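In what follows, a structure is listed as structure tokens, so that the remarks can point back to it.
The values are calculated or read from the model by the stated rules, or taken from the named source; none is laboratory data. A quick note: this is a predicted structure, and the numbers were derived from the prediction, not measured. Backbone-built Cβ (ideal geometry, glycine too); neighbour counts: all protein chains shown.
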Amino acid sequence: MGALNEPMVKPSFFKGMRGRDTLWFYIFISPWLAGFLLLYFGPMIASLILSLTNYSVLLPTKFVGLYNFEQMIKDQLLTISIWNTVYYAGLSVPLGTVIALLLAVFLNREDIWGRSFFRSAYYIPSIMPIVAVSILWIWLLQPRYGLINSFLNLLSIRGPNWLGDPAWAKTGLVLMSLTGIGTSFVIFLAALQGVPRHLYEAAELDGANAVQKFFNVTVPMISPSIFFVLVIGFINSFQVFTQAYIMTEGGPADSTLFYVLYLYRQAFNYFKMGYASAMAWFLFIVIVILTVIQFRLSSRWVHYGS
């Protein structure tokens, strides 16, 4: 009889265990859940509501519907800020990804002297405070006494006025963005160490040279890491703010007036919180669409199999 009753006892016992595990699960994640609801989800809903108003902090809030979004279409400075941001993202992300990948491939070789030192040297700048890095690059890009132009002078090349010329200001900030490639570098380095050695040996037996092994073995095998770096890179680059705020304040001639910097001005300089909220939601939608497109295209070149 005990054997017959045993199956009836076990389900209730395990059901109780699962219930306690579920309870402890929610207890342990409750700090994160509370932080998400209060600091992320709550403000997002609030900004969505504010985007439909003319809220300006000092005056009573008035519901205006889609008026803020209609005004965005007519805002010429908004168009300029979008172009500046797209230009910056389209140049800095691919360039930074390529350089980080080439450095990782080079420093993944075992015959490189001092490779541990160089690995650390390339990574450390990426964890420095962005404000400190921005101040450092103001000096590096100084037209007369800056280190970059001084080096160009040694090559008999006249360096440009990096941050004072509208034609070069965005390029100067793109150069500065290379300071942060350390994170991508570490990701690529970890991915390279996971590529099976026998694939390179098989390629060598087929007569492949170094370039052919790179494009036919290395790139396909680490393509998930490349995809990850590109997705995160574009998301971050569309939110560039601190560099332009500290180094150029959006100038000269609005050449570095990036989208988030213009959003900041609308919110905290002009107190147009409703309009700034509408801009924030437009940026959110653009980033989501861009990310979805990247995921759709990834099936053509990202390989997850071994």
- Item | Odd one out for residue 32 among (1) in a helix (DSSP H, G or I); (2) in contact (Cβ under 8 Å) with a residue 60 or more places away in the chain | (2)
- Task: Return the total of residues in region 100-139 being touching a residue at least 12 places away in the same chain (Cβ under 8 Å), closer than 17 Å to residue 171 by Cα and among the hydrophobic types (A, V, I, L, M, F, W, C).
- Result: 4
- Of 259, 304, 275, which residue is closer than 19 Å to residue 48 by Cβ and more than 22 Å from the chain's Cα centre (by Cα)? 275
- Item | Top-ranked residue of region 50-77 - restricted to ones that are in contact (Cβ under 8 Å) with a residue 12 or more places away in the chain and assigned to a helix (DSSP H, G or I), ranked as farthest from residue 283 (Cα to Cα) | 67
- Set 219, 211: member being under 24 Å from the mean Cα position of the chain (by Cα), assigned by TED's automatic domain parsing to the domain that holds residue 290, aliphatic (A, V, I, L, M) and at negative phi: 219
- Would you mind telling me which numbered condition in (1) small (Gly, Ala, Ser); (2) closer than 30 Å to residue 185 by Cβ; (3) in contact (Cβ under 8 Å) with a residue 24 or more places away in the chain; (4) not in a helix (DSSP H, G or I) residue 208 fails? (3)
- Message: One residue is enough: does region 276-286 have a residue meeting the conditions free of Cβ contacts under 8 Å to residues at least 60 places away in the same chain, surrounded by fewer than 16 Cβ atoms within 10 Å (Cβ to Cβ) and not in a helix (DSSP H, G or I)?
- Response: no
- Qualifying residue in region 49-65 (condition: within 21 Å of residue 290 (Cβ to Cβ) and either among the polar types (S, T, N, Q) or not assigned by TED's automatic domain parsing to the domain that holds residue 166 (or both)): yes
